[in-house]
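The values are calculated or read from the model by the stated rules, or taken from the named source; none is laboratory data. Just so it is clear, the structure is predicted and the values come from calculations on it, not from any experiment. We place every Cβ from the backbone using ideal geometry, glycine too, and count neighbours over all the protein chains shown. For the accessible areas, the whole protein counts, side chains as well, though only heavy atoms, and no ligand, DNA or RNA atoms are used. Shrake-Rupley method; radii C 1.70, N 1.55, O 1.52, S 1.80 Å.
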Amino acid sequence: MRRDGLRRLLPPALLLAATLVVSEATPGTAAPATPADSGSPAASAFPANPYAGPPGTATMHGDTGSSDTTPLAGPGAGKLTGKRTGLLSACPTVLAGSDDYPVALCTPILGQVPTVHLLDPHTGASLTSLKLTKGSLLGGVYAYIDHQDRLVVVDGSRSLLRIGHHRDADNTWRLTVDKSLSLASAVPADDAVTGLSPDWQGRVWFATGGGVVGTADDTTGTVRSTSLPAGERIANSISTAPQGTAVTTTHATYLLTATADGTPQIAWRRAYDRGRARKPGMLSWGSGSTPTFFGPTGGTDYVAMVDNADSSVALKVYRTTTGESVCSVPVLLASHGPGSENSPIGADRSVFVAGTYGYPYPAVPEGAGDSVPASAPFAGGLSRVDVRADGSGCDLVWDNTVRSAAVPKLSTADGRLRTVLRDPVIPGTTGTSLLDPYRYAEIDPDTGKVLRSQLLGIGALYDTLQMAGTVTPDGAYLQGTVTGILRITAG
C-alpha cells in the first residue's frame, strides 16, 4: 500500500480502542504444513544487493527489487499462535538485519511522530525506541536495512538517516543516528520522500511524491536529482536492480540509470491506463504498484506493475533492458475488483497480484481526489500470471476471490504464500465493520487454495491495513497492524 499518507489513515476510534490491548495470544490448532509441490514457482532469486541487508528481510518488499519473496521458511507444522505487541502505533515496516534483530518503523496514534523500535527476536517486544522528526507529510515510512544492519530512512526534515542499534556494557539497547545527510537541495520544502533503495554502487536512490528522483552518496555528501514530467506523482516506493531503478508514477513506469556523477537519467518510459479517477480501495489516482523485478535468469529479466484501467486492471510486464512490452493480462476477474494498491510478487516466471478494490481504509491522503464510485464492498481477489518460457507473452494460471488484507509474501524455501485474510462478516457492505475477522493464512501458489489458516482476532485493533508481513530467520511471521505488531509462530 501507499505509506506517505499513513498517518491520515488512522481512525479516531482507535485512539481509545488501542489503549485497551497491549498484548494478547490467540492459540489454535491447524492442519500440518505439507511440502511444497514440485510445480511451485522456481526459486530464481533476485540478486543480493551488496549495500542492503539479507534478502527477504532487508526491505518492506523483501529485497531491493521488491520481489516480495523470501528465502526463509515461515511457521512450520503444529499449533499456530498469534501474539500481539501493542505499540499504540501503525507499523507498516518490519525488517531485520544479519544479526536477526527486527527493526520496526511505526506511526503512533497519539502525536503521529514516526518512531523506530528495536524488537526482541524471540518475543517481538520493543527493546528500545527512537523518535524521528515529523514532517508535514509522513515521508520516510519506506525504509531499508543496509549492509551494516542500520535502518536507512528519510525523516520529516528531509534528512537521509542511517540508524544503528547498539548494546551498552550493561546490556541496555539504544538506537542512534549514526550518519545523516540533508536532501533539502533536491527535495522541496512542501514535498516528501516516498521511497528509497540502494543501488549496486552504494548510492541511495530516492523518489518524492512530487515527482523528483535523485541519488545520494552520504560518503561524499553528493546529492543529484531530476524531475519527472509535470503532473506525475510518485505514490509508492521504488525498486533497484543492477540494470537500473524502476519507478512507477501516477502515469507511467520508468527505468532510470545514473550518469558518472550520479544524476538520474531516463532509460525508458512506458505509459499505462490510469483510468478516469481514483477507485475505492486505492490511495491515489493511478497504479498502486511498487514495480517488481523478477525473471528466470538472475531474477531481473522483467519489471511488473498493475495499471488502473476502469473496468478490469491488467498486469503489465516489460523487459528490463529495453522496456519492450511482454504482456498485458487482465487480472482479479473472479473477484470483480479492478484495483490493486499492492506490489506484485515476482518469482522466476510467475507473478501474483492481490486486489484491494473497496478496502475500507479509514481515510485517504490529502490530494488523493474523490473515488469513482464513492465506495464499494471489499472485493479482494488473488491472481497468478506466468510469463511463457520463450518470453512471447503471459498466461493467467489461476484467479480467485481470496480477500488479502495485507501484502502477501512468497517463501521460496517452503513454497507458501503468506498473508492475513479479512472476510467481511456482512458480505456486500462498504463500511468498516467492527466485527470483521482477521486470519493468518498460507496459500498454495500452484492452485491459489488456502492450505491452512488461524484466526488472529476480530475488529479494528487487528486491521492489517494492506501492510506487508516479514518472515524472520527463526520462522516467525511478523505482521504490522494499525495498533502494533503480530508475531505468528507454530509448534
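Odds and ends about this structure:
- If the condition is being aliphatic (A, V, I, L, M) and open to solvent by 40 Å² or more (accessible area, probe 1.4 Å), then the range 73-87 contributes 73, 77.
- The lone criterion from (1) under 19 Å from residue 118 (Cβ atoms); (2) crowded, with 18+ Cβ neighbours inside 10 Å; (3) not small (Gly, Ala, Ser) left unmet by residue 177 is number (2).
- For the range 88-99, the candidate set comprises residues that are under 20 Å from the mean Cα position of the chain (by Cα) and not polar (S, T, N, Q); within that set, the residue that is surrounded by the fewest Cβ atoms within 10 Å (Cβ to Cβ) is 97.
- Within the range 101-111, if we keep just the residues that are over 20 Å from the mean Cα position of the chain (by Cα) and in contact (Cβ under 8 Å) with a residue 24 or more places away in the chain, the residue that is surrounded by the most Cβ atoms within 10 Å (Cβ to Cβ) turns out to be 109.
- Boolean, residue 40 is closer than 25 Å to residue 306 by Cβ, of a type outside the set (Val, Ile, Thr), at pLDDT 95 or above and out of contact with any helix residue (DSSP H, G or I) (no Cβ under 8 Å at 6 or more places or on another chain): no
- Residues of the range 416-427 satisfying the condition of being touching a Ser or Thr at 6+ places or on another chain (Cβ under 7 Å) and either open to solvent by 10 Å² or more (accessible area, probe 1.4 Å) or at pLDDT below 95 (or both): 424, 425, 426
- Matching residues in the range 200-238 - criterion: being touching an Asp or Glu at 6+ places or on another chain (Cβ under 8 Å), under 19 Å from residue 249 (Cβ atoms) and part of a loop (DSSP other than H, G, I, E, B): 209, 210, 211, 235
- Residue in the range 360-384 that is least open to solvent (accessible area, probe 1.4 Å), counting only those that are of a type in the set (Ser, Thr, Tyr) and touching a strand residue (DSSP E or B) at 6+ places or on another chain (Cβ under 8 Å): 383
- Flag if residue 183 is open to solvent by 10 Å² or more (accessible area, probe 1.4 Å), under 29 Å from residue 283 (Cα atoms) and either at pLDDT below 95 or in contact with a strand residue (DSSP E or B) (Cβ under 7 Å, 6 or more places away or on another chain) (or both): no
- Looking across the range 313-338, the residues that are in a strand (DSSP E or B), surrounded by 24 or more Cβ atoms within 10 Å (Cβ to Cβ) and aliphatic (A, V, I, L, M) come down to 315, 317.
- Against the numbered list (1) open to solvent by less than 10 Å² (accessible area, probe 1.4 Å); (2) modelled with pLDDT of 95 or more; (3) more than 17 Å from the chain's Cα centre (by Cα), residue 459 comes up short only at (2).
- The set of residues in the range 272-309 being open to solvent by less than 10 Å² (accessible area, probe 1.4 Å) and either small (Gly, Ala, Ser) or at positive phi (or both) consists of 281, 284, 286, 287, 288, 289, 295, 299, 304.
- Single match in 430, 489, 483, 447 (criterion: open to solvent by 10 Å² or more (accessible area, probe 1.4 Å), at pLDDT below 95, out of contact with any His (no Cβ under 9 Å at 6 or more places or on another chain) and β-branched (Val, Ile, Thr)): 430
- Unique match (being within 19 Å of the chain's Cα centre (by Cα), part of a loop (DSSP other than H, G, I, E, B) and of a type in the set (D, E, K, R)) among 366, 341: 341
- Enumeration of residues in the range 385-412 that are assigned to a strand (DSSP E or B), over 19 Å from residue 302 (Cβ atoms) and open to solvent by 40 Å² or more (accessible area, probe 1.4 Å): 399
- In the range 198-231, the residue that is surrounded by the fewest Cβ atoms within 10 Å (Cβ to Cβ) out of those that are touching a strand residue (DSSP E or B) at 6+ places or on another chain (Cβ under 8 Å) and at positive phi is 221.
- Residue 115 vs. criteria of a type in the set (Val, Ile, Thr), farther than 27 Å from residue 217 by Cβ and open to solvent by 40 Å² or more (accessible area, probe 1.4 Å): no
- Every residue from the range 239-271 that is without any contact (Cβ under 8 Å) to a residue 40 or more places away in the chain, over 18 Å from residue 196 (Cβ atoms) and either open to solvent by less than 50 Å² (accessible area, probe 1.4 Å) or in a loop (DSSP other than H, G, I, E, B) (or both): 250, 251, 252, 259, 260, 261
- The range 404-448, residues that are among the basic types (Lys, Arg) and farther than 30 Å from residue 319 by Cα: 422, 439
- Conditions (1) farther than 15 Å from residue 240 by Cβ; (2) over 18 Å from the mean Cα position of the chain (by Cα); (3) not aromatic (Phe, Trp, Tyr); number of the one not met by residue 288: (2)
- Only residues that are outside any strand (DSSP E or B) and in contact with a Lys or Arg (Cβ under 9 Å, 6 or more places away or on another chain) were counted across the range 291-312, and they come to 7.
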